[in-house]
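None of the figures in this text is laboratory data; all of them are computed from the coordinates on show. Everything numeric in this text was worked out from a predicted model, so none of it was measured. Ideal geometry is used to build each Cβ from the backbone, glycine not excepted, and the neighbour counts take in all protein chains shown.
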Amino acid sequence: MVTGARQSIVSGPMAPKTKSGPGRAQRKGRSEGRTTKSASPGSGGVGRYTPAEVSGRYTRPIPKKIRRSAGWFGPSILLMMVFGVLMILLNYLTVLPGSVSVWYLVAGLVVIFTAFMMATRYR
């Protein structure tokens with residue numbers, strides 16, 4: 001079909017539009033024409049929220065007065081850090097047996113690293 005200087009393409013017959021606007025927006029768990037019973041706590045309906053206390057999946061947090069490290073934990077962290085530093089220093093001062101060795105350095109660093117990891121768990 002030609003109209004004036006413009007040329008347009010016309011498609012074949014199309015199905016008529018049934019409604020205007022965006023697509024369907026429905027609530028989760030529902031379909032058209034069906035109703036669902038009202039959800040009471042613990043009813044277990046599709047897409048319904050049930051409180052953790054009702055479902056039995058709730059674990060109470062540990063009270064702060066109970067979350068404490070043992071009495072020996074803090075001093076052992078400090079002793080390990082001091083021991084690691086001393087091992088490295090004494091290695092380079094050639095006080096340790098076997099002259100200067102890389103293994104004393106590695107052992108000292110491992111002890112210090114372990115002390116830092118323990119310090120992250122200290123309460």
* Which peptide among 98-108, 52-62 comes first, and what is the full order, when sorted by highest mean count of other Cβ atoms within 10 Å? -> 98-108, 52-62
* Per-pair calculated FRET efficiency, R0 = 41 Å: VAL95 and ALA119 via Cβ, rounded to 0.05 -> 0.90
* Per-peptide average of other Cβ atoms within 10 Å, ordering 67-76, 80-89 highest first -> 80-89, 67-76
* **Separation in nanometres of the label points that stand 7 Å from Cα toward Cβ, at VAL82 and ARG67** => 3.0
